[in-house]
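The values are calculated or read from the model by the stated rules, or taken from the named source; none is laboratory data. All values reported here derive from a predicted model rather than from experimental measurement. Note that we place each Cβ from the backbone using ideal geometry, even for glycine, and neighbour counts take in every protein chain shown.
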There are 2 protein chains.
Amino acid sequence: MTQDDDERLDRAFLALADPVRRQIVARLSRGPAGVNELAEPHAISLQAVSKHIHVLEQAGLVTRTRDAQRRPVHLAPEALERLTAWIDHYRLVHERRFRSLDALLAQDPAQQEDP
Amino acid sequence: MTQDDDERLDRAFLALADPVRRQIVARLSRGPAGVNELAEPHAISLQAVSKHIHVLEQAGLVTRTRDAQRRPVHLAPEALERLTAWIDHYRLVHERRFRSLDALLAQDPAQQEDP
DNA sequence: AGGCTATTCAACTGTCAGGTTGAATAGGAC
DNA sequence: GTCCTATTCAACCTGACAGTTGAATAGCCT
């Protein structure tokens, strides 16, 4: 785990730690959209939404293209994949340890915690 | 998506948006540990680590037990599972849309973006 | 050119997260 | 009881983040 990876994960997890940004991601999963459209469900200014998009972009979760004066936002699923990869790794490490501990206890009840 | 769910996701994603806390989660995937042990790899005070653990606990990512004056921290994998569930849901929505768009384009190249 | 739309930049504000130090609590061990 | 260990509480500082308003940029449209 390099420091670069760390910063990338920081930004990605932080980006998703906000309901507005999660809703933007949810909307984008159904296809690209412009700032106005993304802002519509929220009771905040357009500029605030623009900032949220920037945060998502820095986290690598979305990309932007150009279409006349519009700058549509697109979901970048690879970044989402990196997050699940991180989480699932440790979830599996934990589960595997748990299973082998179970097996150990089943064969010798005298053993407790952390062999 | 209720507001309660939102707050729970906020806390969980925010909890993982910090390298110290992620390292704590990584360590705990290998078994429970006390504050001192969790603090050892980090160049910050014990109190700071204690706060990090509190954040993880509020997010439901860890639980604590008691063992004499120790208060071991345990990983709570269900919370991790909720996170991957959220991410994977939208990842799949996106992928499915992408596939069907591909299919559409393959059968009629005149169609472009968002049918 | 002038106007309309979409989006961003800039400056400012209030809140909160992460760190520190110093004192306090909880529970063995002697 | 007294000491030692593990952990937390409290008060404080600093910086980053989410929001605001107002001005600026970019690119159609007539």
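Within the bounds of segment A:21-33, is there any residue that is at pLDDT 95 or above, closer than 17 Å to A:Leu83 by Cα, at the interface with chain B (Cβ under 10 Å from one of its Cβ atoms) and within 11 Å of DNA strand C (Cβ to nearest atom)? Checked against the condition, which is being at pLDDT 95 or above, closer than 17 Å to A:Leu83 by Cα, at the interface with chain B (Cβ under 10 Å from one of its Cβ atoms) and within 11 Å of DNA strand C (Cβ to nearest atom), segment A:21-33 yields no hits at all.
The residues in segment A:60-106 that are part of a loop (DSSP other than H, G, I, E, B) and surrounded by 14 or more Cβ atoms within 10 Å (Cβ to Cβ) can be counted, and the count is 4. Scanning segment B:39-59 for residues being part of a loop (DSSP other than H, G, I, E, B) and surrounded by fewer than 21 Cβ atoms within 10 Å (Cβ to Cβ) gives a total of 6.
Within segment A:21-33, if we keep just the residues that are in a helix (DSSP H, G or I) and buried (at least 19 other Cβ atoms within 10 Å of the Cβ), the residue that is nearest to DNA strand D (Cβ to nearest atom) turns out to be A:Arg21.
Could you grab me the full set of residues in segment A:39-87 that are among the charged types (D, E, K, R) and either within 10 Å of DNA strand D (Cβ to nearest atom) or within 14 Å of chain B (Cβ to nearest Cβ) (or both)?
Of segment A:39-87, the ones among the charged types (D, E, K, R) are A:40, A:51, A:57, A:64, A:66-67, A:70-71, A:78, A:81-82.
Of everything in segment A:39-87, those that are among the charged types (D, E, K, R) and either within 10 Å of DNA strand D (Cβ to nearest atom) or within 14 Å of chain B (Cβ to nearest Cβ) (or both) turn out to be A:Lys51, A:Arg66, A:Asp67, A:Arg70, A:Arg71, A:Glu78, A:Glu81, A:Arg82.
Just one of the numbered conditions (1) over 15 Å from the mean Cα position of the chain (by Cα); (2) outside any helix (DSSP H, G or I); (3) over 24 Å from B:Glu7 (Cα atoms) is not true of A:Asn36: (2). Looking only at residues in segment B:39-58 that are of a type in the set (Gly, Ala, Ser) and under 30 Å from B:Asp4 (Cβ atoms), the one that is farthest from DNA strand C (Cβ to nearest atom) is B:Ser50.
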